[in-house]
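Read the structure below first, then the notes.
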Amino acid sequence: MKCPECAGNNTQKVKVTVLTGTTGGSVTGVGVNTNLDLGIARAKIKTQTSMAAKYTPPPEPILMGKWTMRIFGGLTSVIFIYMWFDSADWGIIFRLVPAGFSVVSILMFLFSFTDTSSTNKNIRNKWQVKKDLYEKGWICLQCGKEWMP
Ligand SMILES: [Zn+2]
């Protein structure tokens, strides 16, 4: 494949760039990230060249609908706030645990009243773009141009 930018022949499929630059396995974990996407992620234990790391798509986001967030966030808020009030004799460090989870739960509950479907759609679209570039994209090793044939 010829580069559409510089017409160079030193081009490569993005997927090949990632696969040849990656070694290692994977583990599965559960968590909440800073965007409040609660989900299960396949965290990769790996060593990668910086180029492979750049083009590796993140794990497919598992997104919660607003009612799931509202009910789950509401219920866990009540539980953790109760735990926090009930933890008066726990010692300050241990009290931070229910306090922290209360905040996360309340934020999730409040977040469910925003336009979650368009937020979820944005997160999904961003992931899809990276995924498509990974699956079908090409890269020029001469000028750095990325394109979809
Ligand atoms: Zn080029």
Taking region 60-103 and keeping only residues that are touching a Phe, Trp or Tyr at 6+ places or on another chain (Cβ under 8 Å), under 30 Å from Gln128 (Cβ atoms) and not in a helix (DSSP H, G or I), one is left with Glu60, Pro61, Met64
Taking only pairs six or more apart or across chains, which ones have beta-carbon atoms under 7 Å, a first residue in region 138-149 that is among the aromatic types (Phe, Trp, Tyr) and modelled with pLDDT of 90 or more, and a second residue that is within 9 Å of the ligand (Cβ to nearest atom) and assigned to a loop (DSSP other than H, G, I, E, B)? Trp147/Pro4
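Take the conditions modelled with pLDDT under 90, surrounded by fewer than 14 Cβ atoms within 10 Å (Cβ to Cβ) and closer than 30 Å to Val14 by Cα and apply them to Ile93. Does it pass?
Details: modelled with pLDDT under 90: yes; surrounded by fewer than 14 Cβ atoms within 10 Å (Cβ to Cβ): yes; closer than 30 Å to Val14 by Cα: no.
The answer is no for Ile93.
Yes or no: Ile106 more than 16 Å from the ligand (Cβ to nearest atom), free of Cβ contacts under 8 Å to residues at least 60 places away in the same chain, surrounded by 13 or more Cβ atoms within 10 Å (Cβ to Cβ) and over 29 Å from Glu5 (Cβ atoms)? Reasoning before the result, please.
Working: more than 16 Å from the ligand (Cβ to nearest atom): yes; free of Cβ contacts under 8 Å to residues at least 60 places away in the same chain: yes; surrounded by 13 or more Cβ atoms within 10 Å (Cβ to Cβ): yes; over 29 Å from Glu5 (Cβ atoms): yes.
Yes; evaluated as a whole, the condition is true for this residue.
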Across region 109-149, what is the number of residues that are among the β-branched types (Val, Ile, Thr) and within 16 Å of the ligand (Cβ to nearest atom)? 1
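The values are calculated or read from the model by the stated rules, or taken from the named source; none is laboratory data. Since the structure is predicted, the reported quantities are computational estimates derived from the model, not experimental observations. Cβ: placed from backbone, ideal geometry, glycine included. Neighbour counts: every protein chain shown.
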